[in-house]
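Scroll down for the structure; my scribbles are underneath it.
The values are calculated or read from the model by the stated rules, or taken from the named source; none is laboratory data. In this text, all values refer to a predicted model and were calculated from it rather than measured experimentally. Glycine also receives a Cβ, built like all others from the backbone with ideal geometry; neighbour counts cover every protein chain displayed.
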Amino acid sequence: MDKSELLKLAFDAQKRSYAPYSDFQVGAALLCKDGTVYQGCNIENASLGATNCAERTAIFKAVYDGKREFQAIAVVGKKNSETEFELCAPCGICRQVMAEFCDPGTFEIILGKNTEDYRVFTLEEILPLSFTGKDLAD
């Protein structure tokens, strides 16, 4: 699957966002190494701390289905009142969840304004010196 197709799925997911408090709607599309794609959107809660980001929604859906090997994730977001998308980077919690399941040197994070205007980063680039299970080993 090419990056434009994955971004299109992220834009589709963004339309399902539940963001009545921030009005900031995010969509994600996670590409598993076997070619399966999981979509996610942000789901807010009045307490805000119970809010779940689009990236984690997609990853948690995939993990629930037994997937553990991921290749890339496309992320898009904007305020509902805005007409154009800007690059929307994953929050720190989402980056940490990615570090749990993804190879930092090869996992791609695709941030898109549209299906032709996007930037690609590795997890290692956006989360240097990450804390992982290896840090807990004896």
All but one of (1) at pLDDT 95 or above; (2) assigned to a loop (DSSP other than H, G, I, E, B); (3) of a type outside the set (A, V, I, L, M, F, W, C); (4) out of contact with any strand residue (DSSP E or B) (no Cβ under 6 Å at 6 or more places or on another chain) hold for Asp12; state the number of the condition that does not hold. (2)
Looking only at segment 15-30, how many residues end up being out of contact with any Leu (no Cβ under 6 Å at 6 or more places or on another chain), crowded, with 18+ Cβ neighbours inside 10 Å and either at positive phi or assigned to a strand (DSSP E or B) (or both)? 5
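Going residue by residue through segment 76-87, is there one that turns out to be more than 16 Å from Thr36 (Cα to Cα), touching a helix residue (DSSP H, G or I) at 6+ places or on another chain (Cβ under 6 Å) and either in contact (Cβ under 8 Å) with a residue 40 or more places away in the chain or outside any strand (DSSP E or B) (or both)? Lay out the reasoning, then the answer.
Quick first cut of segment 76-87, residues more than 16 Å from Thr36 (Cα to Cα) only: 76-87.
Imposing the further condition that a residue be touching a helix residue (DSSP H, G or I) at 6+ places or on another chain (Cβ under 6 Å) reduces the set to 76.
Now narrow it down to the ones that are either in contact (Cβ under 8 Å) with a residue 40 or more places away in the chain or outside any strand (DSSP E or B) (or both): 76.
Checking segment 76-87: at least one residue is more than 16 Å from Thr36 (Cα to Cα), touching a helix residue (DSSP H, G or I) at 6+ places or on another chain (Cβ under 6 Å) and either in contact (Cβ under 8 Å) with a residue 40 or more places away in the chain or outside any strand (DSSP E or B) (or both).
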In segment 38-67, what count of residues is obtained for those that are assigned to a loop (DSSP other than H, G, I, E, B) and out of contact with any helix residue (DSSP H, G or I) (no Cβ under 6 Å at 6 or more places or on another chain)? 11
Give just the number: which of (1) within 22 Å of Asn114 (Cβ to Cβ); (2) among the acidic types (Asp, Glu); (3) assigned to a loop (DSSP other than H, G, I, E, B) does Asp34 not satisfy? (1)
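Okay, residues lined up against (1) among the aliphatic types (A, V, I, L, M); (2) at pLDDT 95 or above; (3) under 14 Å from the mean Cα position of the chain (by Cα):
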| site | (1), (2), (3) |
| --- | --- |
| Leu48 | yes, no, no |
| Thr51 | no, yes, no |
| Thr57 | no, yes, yes |
| Ala62 | yes, yes, yes |
| Gln71 | no, yes, yes |
| Gly92 | no, yes, yes |
| Val97 | yes, yes, yes |
Evaluate segment 102-122: report whether one residue or more is surrounded by fewer than 18 Cβ atoms within 10 Å (Cβ to Cβ), at pLDDT 95 or above and within 16 Å of Gly35 (Cα to Cα). yes
